[in-house]
1. Under the condition of being in a loop (DSSP other than H, G, I, E, B) and among the aliphatic types (A, V, I, L, M), which residue from the stretch 44-77 is surrounded by the most Cβ atoms within 10 Å (Cβ to Cβ)?
2. Please identify the pairs in which a residue from the stretch 83-103 that is modelled with pLDDT under 60 has its Cβ atom under 6 Å from the Cβ atom of a residue that is part of a loop (DSSP other than H, G, I, E, B) and surrounded by 15 or more Cβ atoms within 10 Å (Cβ to Cβ), counting only partners at least 6 apart or on another chain.
3. Output the number of the condition that residue 94 fails; it satisfies all remaining conditions of (1) in contact with a Pro (Cβ under 9 Å, 6 or more places away or on another chain); (2) open to solvent by 90 Å² or more (accessible area, probe 1.4 Å).
4. Scan the stretch 22-44 and give yes if some residue there is touching a Lys or Arg at 6+ places or on another chain (Cβ under 7 Å) and at pLDDT 95 or above, otherwise no.
5. Test each condition in (1) surrounded by 12 or more Cβ atoms within 10 Å (Cβ to Cβ); (2) over 19 Å from residue 92 (Cα atoms) for residue 32 and report the one that comes out false.
6. Identify the single condition in (1) surrounded by 11 or more Cβ atoms within 10 Å (Cβ to Cβ); (2) in contact with a Leu (Cβ under 9 Å, 6 or more places away or on another chain) that residue 80 does not satisfy, given that it satisfies every other one.
7. Please list, ordered by first then second residue, the pairs with beta carbon atoms under 6 Å, 6 or more apart or interchain, first in the stretch 18-37 and part of a loop (DSSP other than H, G, I, E, B), second of a type in the set (D, E, K, R).
8. Suppose the filter is in contact with a helix residue (DSSP H, G or I) (Cβ under 8 Å, 6 or more places away or on another chain), within 25 Å of residue 78 (Cα to Cα) and either surrounded by 12 or more Cβ atoms within 10 Å (Cβ to Cβ) or modelled with pLDDT under 95 (or both); does residue 3 pass it?
Amino acid sequence: MGDLEKVKNEALEIIGQFENLPRLVVFDLDYTLWPFYCECCYEDEIPYLYPHAKGILEALKEKGIHVAVASRSPAPDIAKTFLHKLGIHSMFVPMVRLSCCIM
């Protein structure tokens, strides 16, 4: 069994311990799914995830839990490019960009 499957199975085991599950889990991007700030990168760089991130995302999807991203990154175009390069963009519910401030 590969590392991805091992992480996914461990996540499924943990998720299985709960009777009530959320309908949606929201992840930040920078220093949550990947170990860097998007604004410190260029679009032509090769991004990478934290080792456990993809297995956890796959476990959530397998359990029917929607996943989304939320980020305050000043470089949303780079973030979207990285999601596509990593092949995980389709795992997330459609993104909406909000340009409001909470006071």
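The values are calculated or read from the model by the stated rules, or taken from the named source; none is laboratory data. On a predicted model such as this, the values are computed, not experimentally measured, just so you know. So basically every Cβ, Gly included, is an ideal-geometry build from the backbone, and we count neighbours across all protein chains shown. The accessibility values were calculated without ligands, DNA or RNA, using every heavy atom of the protein model including side chains. Shrake-Rupley method; radii C 1.70, N 1.55, O 1.52, S 1.80 Å.
1. Looking only at the stretch 44-77, we keep the residues that are in a loop (DSSP other than H, G, I, E, B), and these are 44-52, 63-65, 70-75.
Subset that is among the aliphatic types (A, V, I, L, M): 46, 49, 65, 70, 75.
Working: 46: 8, 49: 16, 65: 15, 70: 13, 75: 18.
Here the answer is 75.
2. none
3. (1)
4. no
5. (2)
6. Residue 80 satisfies every listed condition except (2).
7. Sorted first by the residue in the stretch 18-37, then by its partner, the pairs are 37/30.
8. Working: in contact with a helix residue (DSSP H, G or I) (Cβ under 8 Å, 6 or more places away or on another chain): yes; within 25 Å of residue 78 (Cα to Cα): no; either surrounded by 12 or more Cβ atoms within 10 Å (Cβ to Cβ) or modelled with pLDDT under 95 (or both): yes.
Judged against the criteria, residue 3 is not a match.
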